[in-house]
Every structure is written in C-alpha cells, then in structure tokens.
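Engineer: I'd like to ask some things about the structure below.
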Amino acid sequence: MIKRSLAPLALGGFGIGMTEFVMMGILPDVANGLHITIPQAGYLISAYACGVVVGAPTLVSMLGHKPPRSVLILFMLMFLVFNGLSALAPNFASLLLLRFLAGLPHGAFFGVGAVVATRLAEKGKEAAALASMFSGLTIANVIGVPAGTWLGHHMSWRIVFLIVAAIGLATVVMLKKVVPDIAGTPGAGLRQDLQIFRRASLWLALGITSIGTGGFFAWLSYIAPLLTDVTHFHADMIPLIMTVVGVGMTVGVNVGGKLADRVPPLRAILILLMSMVCLLGLNAVLASSQVAMITLAFLVGANALALGPPIQMLLIENSREAEMLGSSLGQSGFNIGNALGAFLGGIPLTLGYSYASPLWVAAGLALAGVLLAMAMLAHGRKSVVMA
C-alpha cells in the first residue's frame, strides 16, 4: 500500500505517464482530427520528449531553493494548464508547441518528487518510497493509456487531454492537503547546481540511464510490428499484450525499490542491466513463439521499470550538493534513451532486415549500459583508493 504522504506523487506520476504514452495510441485520431499525416503527428511525441529533456534541469535549477511542496504544486499547475490547452488546440502548430510546454514539468516533477519521497521515507526504505512514486506511472500504462486510447478512438482525442488536466488538478489539491512542508535547500542556485557536472561519476550515471535504458525503448518502439509480422499475432491482440507489459512494469518498479534498499544502487543497476541483456536476446531468439513473447513482454516490462528506483538513488547519491537537479536528470536520461533506442533500432529496418533485428540493437544498448556500470564501479573503487 502507498504511504498517504506519497499518494499525491503517485497520482501526479499517473497523469504524467498517461499524457506521455497515450499519444502513441491516439496518434491516428489526432492525425485525422488535425488533417495531418501520421508521420507529422509523430512529431508531437518528439516535441513532448524535447520538453522533458529541456525542462528537467532548467526548471529545477531555477526553483531548487524553493520549498519542494510549493515547487511540485507549480509544476503540476503548468502540467494541467498546458494539457488543458492541448485539448483546445486549433491546429497542428499550436498542439506541437503545447506538447513541448506540457513536457517541461515532467522530469522536474519526478526529480523534485524523488527527493521529497526519500525525505519522507523511513530510514533504509528510500528506494521503496521512490517505487511508490513511480507506481503511478506504471499503473497509467495498465489503466490510463488503454482507457485513453479507447476514448480517443470512440469519442475524441481532445477528451483525453481534458482528463489528464483533471488529474493534474486533483494532484494539486492532494499536494496541498497531504504532503508536509519541507524546507528548501539554502543557498541553492544555478551556478552552484552546475558544479555537479564536474563529477565524472554523474556523467557515468547519466550514460547508464541514457544508453542502458535505450535497449528497452529499442524493444518497445517496434514491438507492435514485431508481434504481428514475426510472431503472427492478430492486431487486436496488441493492446492486450501492451497491458501485460504495463502489469510487468507495475510489479517491476516495486521489485526494483526493494532490491535497491538491500544492495547499493549501482550493483542493483548492474544486476538488472545484465538480466535485461539476457531477456532482449531471448526475444530475438524466440520471436516466433507466441507463448514466449507474451511471457517476455511481462518480464521485459518488469525488468525495465525495476531500474527506475536504483537509477534515481544513484543520481541523488552523485549530486548531493544539488540533489533535486541530479534527480531530475533521470527523466532527461530516460527520454534520451527513448530517442536513441527508437533511432538505432530503426537502422536495421531501413537496411531491409526483419522486425526482429531491432532486438539485437536493443540487447547491444543494454550491454553498453552494463559496461558503463562496470566502469562506474571501477571508478568508485579507484576514487576510494586515491582518497
């Protein structure tokens, strides 16, 4: 059960997860409604991701010295306003701008929320508290995204954004009523915050996040054509299988939280990335088996989201002077991984290979994450010896 003081963070995560991932499901409806092509509509996904990458470090650097609860409320107000306006967008250009603006508070909310969650957690259960916050995002993939996709198909895609805005409003109310007031970081500011980027360990942590998780996104980006063309599932089965992925995510984020509370975050990440390499390799080998692919859909989803809590813990550990900024970089890294995985995974397809070929790219990216984690582990040992 989610701790009462963490419930608003989970609800905000639900809204954020819904608005980010439902776009994939309602893309044809948005394209038809705005009289644009599906490839053009795809830029709306990229615009949101760019907003996340830009907004996370920028907003947190500007507001890191303010009380965290007030900052979270501000971010969620931005979220509800821009998503609400998205429902009213008259044309493609305006919606493109609004999707970018809606993405700005995404990573910043998770970054500040992660720090708040660890401060509210009992000692030794910080990663479990992070898992509670991320559970909202995973539940969005089980409930919110399928429901939003159905509404987009059968009613209007504009209703979906109004619902997301309503979730943002409910989160604002809950933040005011439930989350205790926590003091800001004295003396924090942009110049001081930027000092954390001098640390090689932080860059390694960002590399692990951006490249290692790119394996999951290379898998996810092309899973639909893989399942229909190679595994020979009927197209009607895809939403059900994506729900299986979402259930796996929900289970995995809690497993990752417990693992990161028992072993150091970097070791937890190393274990999970090694298992991810194996799972993605099995996907490539067993792509023609329907039973295997359903099972692997659950396991890959679980493995991917299990990485969330230890990655956030690792970033916070390596940015203590500006922990909110460091924590917010996790979402920037995930979205870079999203873009990187989709781009690299698409290369073998453009060369004429089958839809199973991106799976080898995915396994390679996860393996690169393993190597970066081992390099960071070695760097940490060297720093201890030199000290």
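The values are calculated or read from the model by the stated rules, or taken from the named source; none is laboratory data. These numbers come from a predicted model, not from an experiment. Positions of Cβ are backbone-derived with ideal geometry, glycine not excepted, and every protein chain shown enters the neighbour counts. When the accessible area is computed, the model is the full protein with side chains, heavy atoms only, and any ligands, DNA or RNA have been set aside. Shrake-Rupley method; radii C 1.70, N 1.55, O 1.52, S 1.80 Å.
Engineer: Under 1.5 on a/c is rounded, so check that first for the range 71-158, then, if it is not, pick prolate when a/b is larger than b/c and oblate when it is not; a ≥ b ≥ c are the square roots of the alpha carbon gyration tensor eigenvalues. Walk me through the intermediate numbers first.
Structural biologist: Working: a/c = 3.79, a/b = 1.71, b/c = 2.22.
In terms of gyration-tensor shape, oblate.
Engineer: Determine the per residue accessible area of the range 248-381 with all protein chains present and a 1.4 angstrom probe, expressed in square angstrom.
Structural biologist: Values: 5150 Å² over 134 residues.
Per-residue value: 38 Å².
Engineer: In the structure displayed, which of Lys3/Lys125; Lys123/Lys177; Lys125/Lys176 lie more than 22 Å apart, Cα to Cα? Provide the component values of the computation, followed by the final result.
Structural biologist: Numbers: Lys3/Lys125 12 Å; Lys123/Lys177 24 Å; Lys125/Lys176 24 Å.
Distance filter (> 22 Å) returns Lys123/Lys177; Lys125/Lys176.
Engineer: How much of the accessible area of the range 160-295, probe 1.4 Å, is carbon plus sulfur, in whole percent?
Structural biologist: Working: 4270 of 6170 Å².
Whole-percent figure for carbon plus sulfur exposure: 69.
Engineer: How large is the accessible surface of Asp236 in square angstrom, using a 1.4 angstrom probe and rounding to the nearest 10?
Structural biologist: 120 Å²
Engineer: Just the accessible area per residue of the range 28-126, please: how many Å² with a 1.4 Å probe? If you can, show how the numbers build up before the last one.
Structural biologist: Details: 3880 Å² over 99 residues.
Accessible surface, normalised per residue, equals 39 Å².
Engineer: Looking only at Trp203, Trp219, Trp157, which one moves most when the chain is put into a Gaussian network model with springs between Cα atoms under 10 Å?
Structural biologist: Maximum among the listed residues: Trp203.
Engineer: Another question, then. When the accessible area of the range 1-149 is computed with all protein chains present and a 1.4 Å probe, what percentage of it is carbon and sulfur? If you can, show how the numbers build up before the last one.
Structural biologist: Details: 3770 of 5280 Å².
Here it works out to 71 percent.
Engineer: How long is the gain from Asp229 to Phe343 if the chain were fully straight, where each residue apart is worth 0.36 nm and the alpha carbon distance is subtracted?
Structural biologist: Numbers: separation 114, 0.36 × 114 = 41.04 nm, distance 2.01 nm.
That pair, Asp229 and Phe343, stretches by 39.0 nm at full extension.
Engineer: I would also like to ask the following. By accessible area of protein heavy atoms, probe 1.4 Å, what ranking do Arg4, Arg267 get, highest first? Write down the numbers at each step before the final one.
Structural biologist: Details: Arg4 170, Arg267 110 Å².
My answer, sorted largest first, is Arg4, Arg267.
Engineer: Right, here's the next one. With all pairs of different alpha carbon atoms counted, what Kirkwood hydrodynamic radius in Å does the range 92-213 show? Present the calculation step by step, with values, prior to reporting the outcome.
Structural biologist: Numbers: mean 1/r = 0.0564 Å⁻¹.
Roughly 17.7 Å, rounded to one decimal.
Engineer: Could you rank Thr37, Thr350, Thr250 by how accessible they are, 1.4 Å probe, largest area first?
Structural biologist: Details: Thr37 75, Thr350 115, Thr250 35 Å².
Output order, biggest surface exposure first: Thr350, Thr37, Thr250.
Engineer: To continue, here is another question. What whole number of Å gives the distance from the Cα centroid of the range 261-340 to the Cα centroid of the range 41-74?
Structural biologist: Their Cα centres are 22 Å away from one another.
Engineer: If each Cα of the range 188-312 is one equal point scatterer, what is log10 of I(q)/I(0) from the Debye formula at q = 0.14, 0.17 Å⁻¹?
Structural biologist: -0.65, -0.86
Engineer: Measuring from the lowest to the highest alpha carbon on each principal axis, how far does the chain reach, largest first, in angstroms?
Structural biologist: 55, 48, 37
Engineer: Please identify which residues in the range 25-51 have an amide N closer than 20 Å to a label point set 7 Å out from the Cα of Thr350, following the Cα→Cβ vector.
Structural biologist: Only 38-47, 50 pass the distance filter.
Engineer: Report P(r) for the range 1-111: all Cα-Cα distances, bin width 5 Å, range 0 to the bin holding the largest distance, values in whole percent.
Structural biologist: P(r) over the range 1-111, rounded to whole percents: 2, 12, 22, 23, 16, 12, 7, 4, 2, 0.
Engineer: Mind ordering 97-109, 13-25 by average Cβ neighbours within 10 Å, highest first?
Structural biologist: Details: 97-109: 26.3, 13-25: 24.5.
The peptides rank, most packed first, as 97-109, 13-25.
Engineer: Cα to Cα, under 20 Å, and not fewer than 8 places away if on the same chain: which aspartates and glutamates meet these conditions relative to Lys66?
Structural biologist: Those aspartates and glutamates meeting the cut-off are Asp181, Asp193, Glu321, Glu323.
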